[in-house]
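These notes concern the structure reproduced below.
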Amino acid sequence: MVKIRFLGGCREIGASSILIQSEETGNNLLLDYGIRLQGNGNILPLSVDGIEISAIALTHCHIDHSGNLPSLYKNRQIPLFTNELTFRIIEVLIRDTLKISKFKIKYSNQELNKMGISCYFLEYGTRQRIENNFYITLKDAGHVPGSCSILVEVDGKKILYTGDINTQKTRLVNSIDVHDFPELDALIIESTYALRDHRPRDEIEKEFIENVNIIVEDKGRVLVPAFGVARSQEVLSVLYHYGYRGSLFLDGMARKISEIYFDYAEFLRNPREFRRAINNATFILNSRLKRDRKIAKTTPGIIISPSGMLQGGPARNYARSIVLEKNSAIYSVGYQVENTAGRILLDDNLFFKSKNDPNGIDAVCDIKNFDFSSHAGSLDLLKFVDNLKFNEDSEKNIFCIHGSAESCTTFAKNLNRKGYSAISPEIGDVFTI
Ligand SMILES: [Zn+2]
Ligand SMILES: [Zn+2]
């Protein structure tokens, strides 16, 4: 028998963490240990103080999965299994998170360094022993470069934790391969888009390119506010793939992450094309920031820069002038959360220069959103589950997590109609399978 304890990431996106315990040996495996990025309440998953943990396995770099990992390295040394690219990215993301005082993080760079010493890099498909009768295998999840789903084998049971997954391939990464998994006893699956479908990726890519080309041909500028990890590089790759060779500037954290991807291009769908796409972009240099940004602000072409929802980062500065230009555009490429600057711009054509700006600026530039999501949509998720094989003697247990309460519960309901035993657990729930 195996115990599954949910520590966070239930009926929410944030603080993802699950503890898997062997009832035969008492050994514990921790899957992810993230923080909450939204809301003003508790940002941490449930504590694992006093619990002896044999190993940690990390699905991917995003802070909602990785952000609280260093806190576990205060007084202990626990082997952390992930891949090298994921570790290189979390180093950047966590150091950045530490700088943002708003996140009340209970660790420092010292613990992050200690974590690095305990880190073991696994290749996709390698079966790694944790303890007696306890194994993990990392599989490509198709979400962002380096992302994994984790197959856990414990006490004779096979449990798949999907992490975040994408079943449509993107320019940057291949999709998850549903045929890559053995017969399962239980599944823990993300539910981010369980209520919504995405349009086919190539349609969105073509529409994006058409719009960009119209603006640039008219000597306008296109600001693409994009998350620095994966989304910025996805946009770079799309532009290159469809033959865009005009001015293209890259700013903010997207630069550092692009350099790391360049060095670990074997994790990408098309390493050669990616390297060419990077070489096609002009990096805004820190050594001549003012000058480079001035050039970017006055040259017809494209600027890709975080933050993805215009909440901060260099993108905000670029937006200030672009909103006033009729022949320019702001094209966001990710979901815009309610009440963010990006969402207000999209819904109301308004851009607020600062918190003290009472009325905001009426944007005259073109404003559009392109759904370059890195998560499976609603039908994709159902199809993914249908294509998985379950052990005939199992109860086909499925745990729907990582989504709004409505997403998780609806997904579970839909799966139950198809004959599975699905549930959307709450934080602190423990199940035995
Ligand atoms: Zn993610
Ligand atoms: Zn996530």
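Brief remarks on what is shown
- Its residue count N fixes a reference of 2.2 N^0.38 Å for the chain, and the Cα radius of gyration divided by that reference is 0.99.
- Whole-number D in µm² s⁻¹ for segment 214-297, Kirkwood Cα-pair radius fed into Stokes-Einstein, 20 °C, 1.002 mPa s: 161
- Computed as a quarter of the hull surface, the mean projected area of the alpha carbon convex hull for segment 338-430 stands at 9.5 nm².
- Mean separation of Cα pairs under 8 Å and 6 or more residues apart, divided by the residue count, gives the chain a relative contact order of 19 percent.
- Each of 69, 126, 238 was placed along the dipole of the chain (beta-carbon charges, centred on the mean Cα), and the one lying farthest toward the positive end is 238.
- Each DSSP beta bridge with both residues in segment 201-369 is either parallel or antiparallel, and the antiparallel ones are about 10%.
- Within segment 201-369: Cβ-based charge dipole about Cα centre, in debye rounded to nearest 20 (Lys, Arg +1; Asp, Glu -1): 820
- Each label point was placed 7 Å from the Cα along the Cα-to-Cβ direction; for residue 290 and residue 40 their separation is 3.7 nm.
- Taking the helices alone, the chain has a mean residue ellipticity at 222 nm of -9000 deg cm²/dmol, built from -39,500 (n - 2.57) per DSSP H run of at least 4 residues and averaged over all its residues.
- Of every Cα-Cα pair in segment 265-420, the percent that sits beyond 22 Å: 60
- From least to most packed, judged by other beta carbons within 10 angstrom and beginning with the fewest, 241, 402, 375, 198 follow the order 241, 198, 375, 402.
- Counted over segment 129-284 with a bin width of 10 Å, the fraction of Cα pairs per bin, in whole percents, is 10, 33, 30, 17, 8, 2, 0.
- Expected-Rg normalisation [2.2 N^0.38 Å, Cα atoms] applied to segment 79-144: 1.32
- Beta bridge orientation in the chain: antiparallel %, DSSP, nearest 5: 45
- In segment 100-185, taking the dipole from charged Cβ atoms about the Cα centre, the farthest positive-side position among 148, 137, 182 is held by 148.
- Against the chain, whose longest principal axis is taken from its Cα atoms, helix 231-241 shows a tilt of about 60°.
- Debye, to nearest 20: dipole size of the chain, +1 on Lys, Arg Cβ, -1 on Asp, Glu Cβ: 1800
FYI, it's all coordinate maths here, none of it is from the lab. Remember, it's a predicted structure, so these values are computed and weren't measured experimentally. Neighbour counts run over all protein chains shown; Cβ positions are idealised from the backbone, glycine included.
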